[in-house]
Structures are given as C-alpha cells and as structure tokens.
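Participant: Have a look at the structure that comes next, please.
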Amino acid sequence: MPVKVKILSHNKTTTAEKGTLLADIISTAGINLSLYCNGRGLCGKCFVEIVKGDPPACDAQEKALLEQRHLGKNFRLACKHRITGDVAINIPATSILQKTPVLETGLRLDLEVNPSVKKYALVLQKPDLQHPYSSLELFERSLRKKGLYISLEVLKKIPKTLERGTGKITAVIFKDFEIISVETGDTTGDNYGLAVDIGTSTLVVELVDLNTGKSIDTQTANNSQMKYGADIVSRISFTYMDPKNLGKLQEAIVGDLSRMTKQLLSKNNIKPTHVYEIVFAGNAPMNHFLLGIPVNSLALAPFHAAFQSLPELSAQQVGFRINSSGKAYVAPNIKSFVGGDISAGLLAADMTARKGNILFIDLGTNGEIVLKKEKRIATTSTAAGPAFEGMNISSGMLAFPGAIYKAERKKRLTLHTIGKKPPEGICGTGLIDLMAIFLNQGKISFKGVITGKNKEIPITTNISLTQKDVREIQLAVAAIKSGIQMMLKIHKLKKDDLDGIFIAGAFGNYLNIQNAMTLGLLPSIDPKKIFFIGNSSLAGAKALLLSEHAKQKTEALVRKIRYVSLATNPMFQDYFIAALDFGWRGDSQ
C-alpha cells in the first residue's frame, strides 16, 4: 500500500511504495536534491529533517556527519534511507543542488556544481588482528567504492597521514575513481581550481571554489609571447626559424600563468596544495604552445591540429605547481585554427540549447565564426589580424588605462578613455567608433581612402589615424564580413533569417552596434538580436572546471561540428575583395 510523503519546505505532497529511497521520492517530486557523492552517504549534502514519523537508525558515518554539521537528532541522509510509513519532511536549502552563474553578460548560464574533483571527510576504521585491512582497503571501505586507482606517490603518503590524523582523514577523489590526495583532518572546505583563458594578447586566470562554484578572484596580464610576434602566424613562423623557439614560447606562457597563479593564491591566502585542477581555454596554436607540441601541422595545408581532445594531464608535467597530483584539462579544439576558446565559448553560451539560426562570433586576432542552423552547427576561421586589439595601428594600444575605447560625435568629437586618463592611444572599440564617425563625415570613403590632403586624420594633439591604419581596419573588417557572408550563403540563409548573434570576447563588451554595422563588421539586422557575451572562453573554462557533465557535453559537441574551409572555397577571393568596401550591402554585398 502506498505511503504519503509531505515535503513541507516545498509545499508538496506525494505518494510512494514502501521501501522507496527517500532521495528518489524527492527527485520524482521535481526537487533537485544535492547528491554530490552519487548517493553513497559520504558527503552529508542531502540531509533532510524528519518532522513527522520515526527517524530511522543511522550508522557511525552518518552520526559523524550529523555532529560535524551540528544538526539535530531528527536529520537523516535522504540517499541512505527508505520510507516505511507516512512521513513529513523539511529539506534545508543546503541540501538543494546549487547553481552558479558562469556567464552573466548578455546571456545568463546557471550551471549545476558537480566538479571532477571532490573531497570527503572520513573517519577510518582501524585495522585489528581479526581484520588487518590494508590502508587502501580502509579508504575503499570508507568511500564505499572498490577498485580505486591511486598513484605510488599518493600511496606512499598514506601511512604518515594516518599517523598524524588519528583516524580523521580527507580523501580527494578525481572523477570518482582516483585518489589524488590524502590529507590530515577535515580539509573539505579547501577545494579550489583555476579557470584560464589563454588569449593571443592577454591572459586571464580565475580562482574558483569547487565546492560552491563561486569565483574568488581574477588576475589578468599581457601574454609575454607577444615579444616573439603580435599574432599567431608570426609565432608559428618563429618556431620554424629554430626548433628551440617552441620551447621559448612554452616557457613564456607557462611562466606568465605560473606567476599569475602564485599572486592569486598568495593574495587570497590559499595553499597551492589545495588547488587540484586547472582548465585551459585557448585557440589551437596557443594550446600547442602551452603543451610544447610542435605546430608544424598548423603551418601547412591542410592546417590540422595535433589533437582534438585530450584526457586530463598532470598539472605538474605541464609545468604548474599546484597539488602534486593536480590535473590539467585543455578545452578541446574543434578543427584547424578553431580551438578550445571557441568550444568553451559555445558551452558558456549554451549554443546547442538555443532555438533558431544563431551566429557566434569571436572578434579577436583570429576571427572565429560558428553558425547554428536548426540542429546543425558549422564553423570557420578568418585571419582578422591584431587590429581589433589595437596592434599594427600607429596610435593603437591594448585596452589599458589611457586607451580611447569609445568615441561620439554630436556637436563635437567626444573621447572616452579607460580609467578616465588622458588619451594615450586607441584600442579596438575606439577604432571602430572613430572609423564610423569619419566615414559618416566623409573624411574616409567607403573604399577606405582618407579624403583629406594630408592622408592623416588628427584626433588629439598626439594621436591620429593614418592611411595605413585605415587599411589595417579595412582588412580586419573584410575578413570577418566575408566569413559571415560566405557561411550564410553556404547554408542558404539571409541575414534577416538570423535569430541571434552572440559576440564573444572582451572586445564585444564595449562595441557600438550601430558603428559596427556602419563598417560592415556586423550584418545590419535588428540590434535586439545582438548579444555581447563577454569573455565566454573564460566562462566556458569555469564551466568545464565545475562540471564533469560539461566536459562530456563539450567533447561530444566538437565531434559533430562541421568545419568550413574558406581558403579552399572558389568564392572566397571574390567575397573578400568585395568586402573591402565598408558597409553591408544586401546579403552578399
């Protein structure tokens, strides 16, 4: 005969057969219970209060968790107990599966926190003459999991840890099958990871609490590889000059990120040994440079990467001093120059769940374009060059204090600088604004020619736009524009068929839509369909760090994305030459 279960905290009543697991009843009622340890009664994250009905007996592990969390005698783990009669319960907020935002700019993605690295506080049963269990057996029995993998390095640490811990031990488990660390006492509150965006010009490292999903702090820096070349092609060429130069590029990126990590941890009083995983999201060449993998295959046709996806690597082997058994995960490359920054970005934007025809654009040195038409997804890349980041421009600079990032023309030209400092140069978004203003004023023709006699447009006493600068912007815009136009043409879509355009990258945050449309950088559609989603590469890296399911989902996605090679398409040259004219004419011109 069915029994009645009242869930008072959620104002729900349901019925179930006797002997049904309480966790299953709660789940069937549509409540996302936190089952962090996969229902093995180890984590103490699914406690419920028995308000009416007799609380079942609990074992030593459950009693220890009750004491640890200072809970009353009527609390029980929902994953361990089956109902035998009518019952009324309360579910505390701490037992509900928590979500954390990993992308809040333009689009909001809330992710359920379920990291690959989890920590469990254990009270190990001591071996005796009748049951002389080995140390590893004690862990397996306490973790209720057989066949756990453990490295020799970690195994060697167990005896001394057990001696110091007087039975209270924390086990750090990776993917529910590997013990990557054993620690004295209860250190479950210290579980951290790093999400890393490896940009061609800039680097971002985010320190994340793996228990809550919350960001603790962020560090940014220039990519010191820039001294070997402002763009990816230059750096690939640099490795061709001398095989030893690959080592210099790897040393530069690992050195940068290691310094940033050290500063972050020191600033927030976190031990490196309490950081257990790093997730990297970068374009395909940057992923190769990070790992010290030769980029020869990306330098010559058919321009293929050495790998698409990799299993977790040893962080120590990659060159990072976190926990000695810590892991390193590289967001999977898609194809050719479309790398892990894009696969991470698509995850952050939840691209596969979006309805309609969606365009995803990353406006960087290497412009990547992804088009989703119904359930099919295709991608391509264009060599936009570093102009959008202020590079190769006479007065150009990165988005640092003093950079003009916004310009307006009303009665006069008004300039806005980062940090409200005196103008020192122009960054990418400022260039777009100024170019659009000068186009509308007739100071630059739609063919990209400065119409004045001096072939130079003064902006301040020390900053001006030259004909060469205009040409650099012209080439960058044409690369993106022709790529978008060809992707639409190949998939038999017109610009007005698009249901949304997602613009990724920090560049997009300050981009003026109307000015971008004036140049032809974006198709002229309803501005309400355009969303700036910020640093989706970093957001995706954070999502991969916080969710094992997100890793599986992303690896499955990259295998189904079709790559479109623009260089081998006979239409490309015509499209690119036509796209050199500023503006967007119709669907193809």
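Participant: When the residues of the stretch 99-113 are narrowed to those that are of a type outside the set (Asp, Glu) and assigned to a loop (DSSP other than H, G, I, E, B), which ends up modelled with the highest pLDDT?
Facilitator: VAL113
Participant: When you check LYS73 against the structure, is it in contact with a Pro (Cβ under 8 Å, 6 or more places away or on another chain), more than 20 Å from THR188 (Cβ to Cβ), at pLDDT 85 or above and in a loop (DSSP other than H, G, I, E, B), yes or no?
Facilitator: yes
Participant: I've got another one for you. Output the number of residues of the stretch 76-98 satisfying the condition of being surrounded by 20 or more Cβ atoms within 10 Å (Cβ to Cβ) and either of a type in the set (Ser, Thr, Tyr) or not in a loop (DSSP other than H, G, I, E, B) (or both).
Facilitator: Adding up the residues that qualify gives 5.
Participant: Still on this structure, I have one more. Condition test on THR200, is it part of a strand (DSSP E or B), modelled with pLDDT under 95 and not assigned by TED's automatic domain parsing to the domain that holds LYS168?
Facilitator: Answer is no for this residue.
Participant: Could you list, in sequence order, the residues of the stretch 214-249 that are of a type in the set (A, V, I, L, M) and surrounded by fewer than 17 Cβ atoms within 10 Å (Cβ to Cβ)?
Facilitator: ILE216, ALA221, MET241
Participant: Also: Could you check HIS10 against (1) out of contact with any strand residue (DSSP E or B) (no Cβ under 8 Å at 6 or more places or on another chain); (2) closer than 19 Å to ALA121 by Cβ; (3) surrounded by 13 or more Cβ atoms within 10 Å (Cβ to Cβ) and say which number it fails?
Facilitator: (2)
Participant: I'd like to check something: does the stretch 51-60 contain any residue that is β-branched (Val, Ile, Thr) and crowded, with 16+ Cβ neighbours inside 10 Å?
Facilitator: No, because not a single residue in the stretch 51-60 is β-branched (Val, Ile, Thr) and crowded, with 16+ Cβ neighbours inside 10 Å.
Participant: Looking at (1) outside any loop (DSSP other than H, G, I, E, B); (2) within 29 Å of ALA171 (Cα to Cα); (3) polar (S, T, N, Q), which is the one condition that is false for ASN269?
Facilitator: Every listed condition holds for ASN269 apart from (1).
Participant: Count, please, the residues in the stretch 220-266 that happen to be in a helix (DSSP H, G or I) and closer than 28 Å to SER381 by Cβ.
Facilitator: 29
Here's the yes/no breakdown for (1) closer than 23 Å to GLY505 by Cβ; (2) in contact (Cβ under 8 Å) with a residue 40 or more places away in the chain:
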| residue | (1), (2) |
| --- | --- |
| ASP209 | no, no |
| ASP217 | yes, yes |
| ILE232 | yes, yes |
| ARG235 | yes, yes |
| MET241 | no, no |
| LEU246 | no, yes |
| GLN250 | no, yes |
| ILE253 | yes, yes |
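Participant: Looking at the stretch 343-370, which of its residues are farther than 16 Å from ALA479 by Cβ, among the β-branched types (Val, Ile, Thr) and either at pLDDT 95 or above or surrounded by 24 or more Cβ atoms within 10 Å (Cβ to Cβ) (or both)?
Facilitator: Scanning the stretch 343-370 gives a single hit, ILE358.
Participant: State whether the residues of the stretch 379-397 include one that is at pLDDT 95 or above and either among the hydroxyl-bearing types (Ser, Thr, Tyr) or out of contact with any Gly (no Cβ under 6 Å at 6 or more places or on another chain) (or both).
Facilitator: Among the residues of the stretch 379-397, at least one is at pLDDT 95 or above and either among the hydroxyl-bearing types (Ser, Thr, Tyr) or out of contact with any Gly (no Cβ under 6 Å at 6 or more places or on another chain) (or both), which makes the answer yes.
Participant: SER394 is checked against (1) assigned to a loop (DSSP other than H, G, I, E, B); (2) within 22 Å of THR220 (Cα to Cα) and fails just one. What number does that condition carry?
Facilitator: The one condition SER394 does not meet is (2).
Participant: Turning to a different aspect of this structure: Considering only the stretch 111-133, state which residues are loosely packed, with under 13 Cβ neighbours inside 10 Å and either under 17 Å from SER547 (Cβ atoms) or of a type in the set (S, T, N, Q) (or both).
Facilitator: Residue satisfying the conditions is GLN130 alone.
Participant: Which of the residues spanning the stretch 304-319 are of a type in the set (A, V, I, L, M, F, W, C), surrounded by fewer than 22 Cβ atoms within 10 Å (Cβ to Cβ) and closer than 19 Å to LEU538 by Cα?
Facilitator: Within the stretch 304-319, LEU310 is the sole residue that qualifies.
Participant: Moving on. For LYS495, indicate whether it is out of contact with any Gly (no Cβ under 8 Å at 6 or more places or on another chain) and either of a type in the set (Ser, Thr, Tyr) or surrounded by fewer than 17 Cβ atoms within 10 Å (Cβ to Cβ) (or both).
Facilitator: Taking the combined requirement at face value, the residue does not satisfy it.
The values are calculated or read from the model by the stated rules, or taken from the named source; none is laboratory data. Quantities reported herein were computed from a predicted structural model and do not represent experimental measurements. Cβ coordinates were reconstructed from backbone atoms using ideal geometry, including for glycine residues, and neighbour counts include every protein chain displayed.
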